[in-house]
1. When region 387-421 is examined, which residues are found to be among the acidic types (Asp, Glu) and under 14 Å from Ile315 (Cα atoms)?
2. Please specify each residue of region 173-220 satisfying the condition of being modelled with pLDDT of 90 or more, farther than 14 Å from Asn161 by Cβ and polar (S, T, N, Q).
3. Are there any pairs, at least 6 apart or on different chains, whose C-beta atoms fall under 7 Å, with the first in region 342-353 and away from the ligand (no atom under 16 Å from the Cβ) and the second of a type in the set (Lys, Arg), and if so, which?
4. Report the residue count in region 344-360 for those that are open to solvent by 50 Å² or more (accessible area, probe 1.4 Å), of a type outside the set (S, T, N, Q) and more than 17 Å from Arg312 (Cβ to Cβ).
5. How many residues, within region 60-82, are more than 20 Å from Phe99 (Cβ to Cβ) and open to solvent by 70 Å² or more (accessible area, probe 1.4 Å)?
6. Please work out if Glu24 is acidic (Asp, Glu), at pLDDT 85 or above and closer than 28 Å to Leu149 by Cα.
7. Looking only at region 359-384, count every residue that is more than 16 Å from the ligand (Cβ to nearest atom) and in contact with a strand residue (DSSP E or B) (Cβ under 8 Å, 6 or more places away or on another chain) and tell me the total.
8. How about region 328-343: which of its residues are in contact with a strand residue (DSSP E or B) (Cβ under 9 Å, 6 or more places away or on another chain) and open to solvent by 30 Å² or more (accessible area, probe 1.4 Å)?
Amino acid sequence: MKLMSQQGEGQSDRKKYEFRKVIEDLKNFEGSGTQLVTIYIPDDRQISDVVAHVTQEHSEAANIKSKQTRTNVQDALTSIKDRLRYYSTYPPDNGIVIFSGAVNAGGGQTDMVTRVLESPPQPVESFRYHCDSDFLIEPLEHMLADQGLYGLVVLDRREANVGWLKGKRIVPVKSASSLVPGKQRKGGQSAQRFARLRLEAIDNFYQEVAGMANDLFVAKRHEIDGILVGGPSPTKDEFLDGDYLHHEIADNVIGKFDVSYTDESGLRELVDSAEDALADAEVIKDKNQMNEFFEELNAGDLATYGFEQTRRNLIMGSVDRLLISEDLRKDVVTYDCQECGAEEREVLDRRKSTPTHTCTECGVDVEAGDDDREDVIDHLIEIAEQRGTETKFISSDFEKGEQLYNAFGGVAGILRYSTGV
Ligand SMILES: [Zn+2]
């Protein structure tokens with residue numbers, strides 16, 4: 001199995017953005033009948049199997065009563081088969097999702113739309129074939145919703161399990177059971193001795209559980225977004241208060257939760273109970289970025305903001321982290337002045353048509369072609385990737401995140417060194 005590497009973070013942010021854009025697009029599409037086809041293909045599924053499945057669906061579609069729907073479904077399936085030809089034996093890592101169908105284009109017209117998403121940020125879990133009046137996008141939305149990596153520990157005095165929460169997936173890794181005797185001592189045993197042995201056994205068990213957790217989490221401590229601990233009271237409190245965990249990962253514990261099972265199902269219960277804490281943890285990461293930005297803005301010299309200024313810093317290679325508002329939906333047009341050679345840019349609302357630009361150097365009117373217009377985020381991320389700058393998408397669900405969007409044009413950066421730009 002391939003784990004998300006550290007260099008993957010910026011790229012996966014970009015991928016996430018690209019996917020989100022496609023999803024927003026697809027959400028607006030509607031078919032007049034049950035004629036929009038979505039296929040989710042895991043990376044261990046042979047392409048030839050998928051082609052066979054699509055061929056089968058194609059022949060079954062011959063039974064569809066409405067001629068128009070029948071034609072539309074078969075066209076969609078043909079288009080999907082065409083796309084599948086680009087792949088050899090297996091899909092790329094994490095699989096592929098294909099959308100195809102005749103969507104309403106207004107005035108009784110339809111448009112044939114086909115979109116292929118390769119290597120989603122999380123693996124496609126299972127093969128799905130879906131034909132409906134809209135595209136199936138929920139599984140993709142779930143993949144994008146949260147991608148964090150969390151360590152999980154559930155324990156009571158008898159049993160413990162440790163594992164991971166990777167995005168939405170729970171991965172149990174190790175379990176242990178204890179030799180801690182029950183509360184009832186056997187006849188003839190001194191009460192004191194029994195109590196001491198029992199405490200020792202509990203202590204040993206906590207050490208064993210901490211050992212499992214340390215083995216798993218310490219090596220990943222820089223990638224972990226947090227650790228969740230679950231169990232009945234007072235076990236989880238004893239475990240945490242007793243400093244059993246390695247100090248470097250103890251700092252990552254973001255919460256303890258009441259959980260009644262400590263087998264693998266306890267891991268699921270733990271994640272369910274921690275839902276709010278996990279949502280907060282996502283926002284906290286964004287908050288920390290924005291706090292750092294504002295500190296630099298107010299008292300330091302490592303902040304940059306606004307499209308032009310941030311872009312100039314990006315080109316210089318001085319940006320450590322590029323901060324982009326998740327809500328930013330703008331295009332940038334690049335104008336090359338034929339008269340004086342100046343290159344200038346305008347940032348536009350996505351729905352506006354491309355205006356004629358007046359060159360600020362020589363006053364000549366400059367027109368732009370279709371190729372000169374692109375998504376602001378794509379434009380910036382491309383430069384960022386060339387310069388080794390990390391990109392962070394910032395939610396606008398908190399005050400400073402909202403300010404990034406409203407007051408700074410949705411674009412800012414934290415610099416590696418001061419540039420005076
Ligand atoms: Zn000019």
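The values are calculated or read from the model by the stated rules, or taken from the named source; none is laboratory data. What you see is a predicted model; the values in this text were computed from it and never measured. Virtual Cβ from ideal backbone geometry, glycine too; neighbours counted across all protein chains shown. SASA here: full protein model, heavy atoms, side chains in, ligands and nucleic acids out. Shrake-Rupley method; radii C 1.70, N 1.55, O 1.52, S 1.80 Å.
1. Passing the criteria: only Glu390.
2. If the condition is that a residue be modelled with pLDDT of 90 or more, farther than 14 Å from Asn161 by Cβ and polar (S, T, N, Q), then Asn204, Gln207, Asn214 are the ones that fit.
3. If the second residue must be of a type in the set (Lys, Arg), the pairs left are Val347/Lys330; Leu348/Lys330; Asp349/Lys330; Arg350/Arg329; Arg350/Lys330.
4. Result for region 344-360: 4.
5. The total comes to 3.
6. Yes.
7. 9
8. Arg329, Lys330, Asp336, Gln338, Glu339, Glu343
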